[in-house]
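Shown next, in structure tokens, is the structure this report addresses.
The values are calculated or read from the model by the stated rules, or taken from the named source; none is laboratory data. Because the structure is predicted, anything quoted here is derived from the model rather than measured. Here Cβ is always computed from backbone atoms with ideal geometry, including for glycine, and neighbour counts include all displayed protein chains. Just the protein is used for accessible areas: all its heavy atoms, side chains included, with ligands, DNA and RNA removed. Shrake-Rupley method; radii C 1.70, N 1.55, O 1.52, S 1.80 Å.
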Amino acid sequence: MSHDRHSELGIHPLGEGEPQQRQQMMRRAKLVLVVVLLLLAAGAARTLVSRAANARALEAGTAERAKVFVRVAPARSSSEGQTLTLPGSLQGYVQSPISARAGGYLKRWTKDIGAEVKKGELLAELDTPEIDQQLSQALAARQQAASGMELARSSMVRWEALRKKDAVSQQELDERRSAFAQASSNLAAADANVARLRQVESFKRIVAPFSGIITRRNVDVGDLIDPGAGRALFVLSQTDPLRVYVNVPQAYANLVKPGQPVTVTQSELRARKFEGKVARTAGAIDATTRSMQIEVTLANADKALLPGAFVQVALPLKPSGTLLVAADTLMFRRDGSLVAAVDGQNRVQLKKVRLGRNFGATVEVLDGLRGDEKLILNPPDSLAEGDQVEPAPVQPKDRQDKSADRKAAS
């Protein structure tokens with residue numbers, strides 16, 4: 001069969017197909033190699049891009065971590081009045097120990113602790129046999145003096161009649177008149193002694209000198225009562241109104257005036273506030289405590305407050321017009337009191353300040369600030385002049401929460 005015939009029939013000789021197969025294999029190999037190279041190049045590019053991104057992220061993270069983030073708060077003028085809270089103890093408006101003026105034995109008592117009594121109401125009664133005997137003796141002596149005066153008077157009248165008849169001398173008449181005057185004086189002395197003993201006898205009835213509550217009873221039936229020992233049988237306290245004595249520090253003494261309203265709170269009565277007012281002030285500073293005592297009058301109609309209880313007295317003070325800064329902006333170093341301010345380039349400026357009154361959450365600054373500074377809250381001890389910081393303003397809610405936390409802690 002000829003070669004052309006083989007070609008027409010599609011039959012090739014064995015030696016002619018091998019070069020074509022090798023060429024196809026070579027092309028395939030080259031294609032695979034190109035794909036592999038492209039894949040390797042893409043992987044390398046991806047690795048380079050990832051490393052560059054990681055490097056940039058690491059650099060950004062390092063720079064971010066190198067920043068000092070701080071919270072800032074502005075200094076403000078004390079245009080609003082401050083409230084000074086001081087401790088105090090409640091006392092009855094009138095509080096008195098009730099003692100006995102007469103000596104004897106306690107016969108009975110009618111009121112115990114917690115009893116409300118009215119003025120003049122009987123509290124106890126004494127058995128006073130010695131005073132009773134002394135009164136009986138004084139009454140007898142008074143009767144004797146009255147009889148002697150009557151005899152002296154009748155003698156004086158007779159002698160005056162005889163003198164008119166010139167039957168007795170003037171000397172004798174004067175003697176009778178002197179005897180009558182002496183007898184009158186003796187009767188007056190006897191009357192005074194009887195009145196004294198009656199008064200002492202009346203003291204065997206112990207009565208309330210004012211209306212109030214019995215807060216203490218120190219005796220029982222049969223006790224020997226000695227008026228010279230100074231022993232109090234009862235303690236009586238008037239609980240409406242009440243008094244509160246408060247010691248105001250010297251720095252605030254000039255800001256407290258009589259008639260100023262105050263608010264009194266007690267920790268056990270959390271939901272209640274009691275309104276009172278400053279009744280009077282001592283008008284002088286105690287040299288020992290450097291404070292001035294004030295007296296607050298407080299209504300207590302419902303008897304919710306008890307004498308002797310510990311309370312907090314809030315005194316509203318007038319604004320002073322000075323600058324106020326948060327107490328947690330202060331730094332105390334060898335140079336004195338400092339605050340850390342942030343300038344326009346976010347750099348730290350340490351400013352020395354002179355402090356005034358301390359209101360707890362805030363402190364007065366008398367000198368060292370203009371009033372437009374942004375101050376760092378809770379500055380770290382390592383903070384230095386010129387440090388770069390990143391300020392973040394304090395949200396009002398955060399400041400309210402911090403203020404509430406301070407009040408709760410106090």
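Each label was represented as a point 7 Å from its Cα along the Cα-to-Cβ direction; for R272 and D381 these points are 4.7 nm apart.
For K119 and S178, what is the calculated FRET efficiency with R₀ set at 35 Å and r taken between the beta-carbons, to the nearest 0.05? Intermediate results must be reported in sequence, preceding the final value.
Details: r = 49 Å, r/R0 = 1.41.
It comes to 0.10.
Separation of the stretch 140-192 and the stretch 305-366 by C-alpha centroid, Å? Comparing the Cα centres of the stretch 140-192 and the stretch 305-366, I get a distance of 89 Å.
Amide H contacts of K277: V262, T297, each under 5 Å away and 5 or more positions distant or on a separate chain (H built 1.01 Å from N in the peptide plane; Pro and chain starts excluded). Rolling a 1.4 angstrom probe over the chain with all protein chains present gives an accessible area of which 53% lies on carbon and sulfur atoms.
Remind me, relative contact order of the stretch 98-191 in percent, using alpha carbon pairs under 8 angstrom and six or more residues apart?
Values: 69 pairs, mean separation 24.9, N = 94.
Answer for the stretch 98-191 is 27 percent.
Using Cα extents along the principal axes in Å as the read-out, say which of (i) 63, 63, 44; (ii) 74, 51, 34; (iii) 217, 53, 32 was calculated from these coordinates. Label of the calculated value: (iii).
At a Förster radius of 51 Å, what calculated FRET efficiency corresponds to the Cβ-Cβ distance of A53 and Q250, to the nearest 0.05? That pair, A53 with Q250, gives E of 0.20. Applied to the stretch 347-358, the Karplus parametrisation 6.51 cos²θ - 1.76 cosθ + 1.60 on θ = phi - 60° returns per-residue 3J(HN,Hα) values of 10, 7, 10, 8, 10, 7, 10, 10, 8, x, 6, 9 Hz, with x for Gly and Pro. Loop-located GluC sites (Glu not before Pro) in the stretch 268-352 (DSSP state other than H, G, I, E, B) with a sparse environment of at most 13 neighbouring Cβ atoms within 10 Å: E268. In this structure the stretch 209-268 gives 48 Å² per residue of accessible area when probed at 1.4 Å with all protein chains present. Per residue, the average separation of C-alpha pairs within less than 8 Å and at least 6 apart gives the chain a relative contact order of 23 percent. A Gaussian network model of the chain, with springs between Cα atoms under 10 Å, assigns the largest mean-square fluctuation among T297, T47, T85 to T47. Distant-in-sequence amide contacts of T362, defined by a placed amide H-H separation under 5 Å and a gap of 5 or more residues or a different chain, comprise A327. Among the listed pairs K318/K374; K257/K303; K119/K204; K352/K374, those whose Cα-Cα separation exceeds 19 Å are K318/K374; K257/K303.
Once the chain from S99 to N218 is taken as fully extended at 0.36 nm per residue, the excess over their C-alpha distance is 41.8 nm. Once both labels are positioned 7 Å from their Cα atoms along Cα-to-Cβ, the gap between F332 and D191 label points is 7.7 nm.
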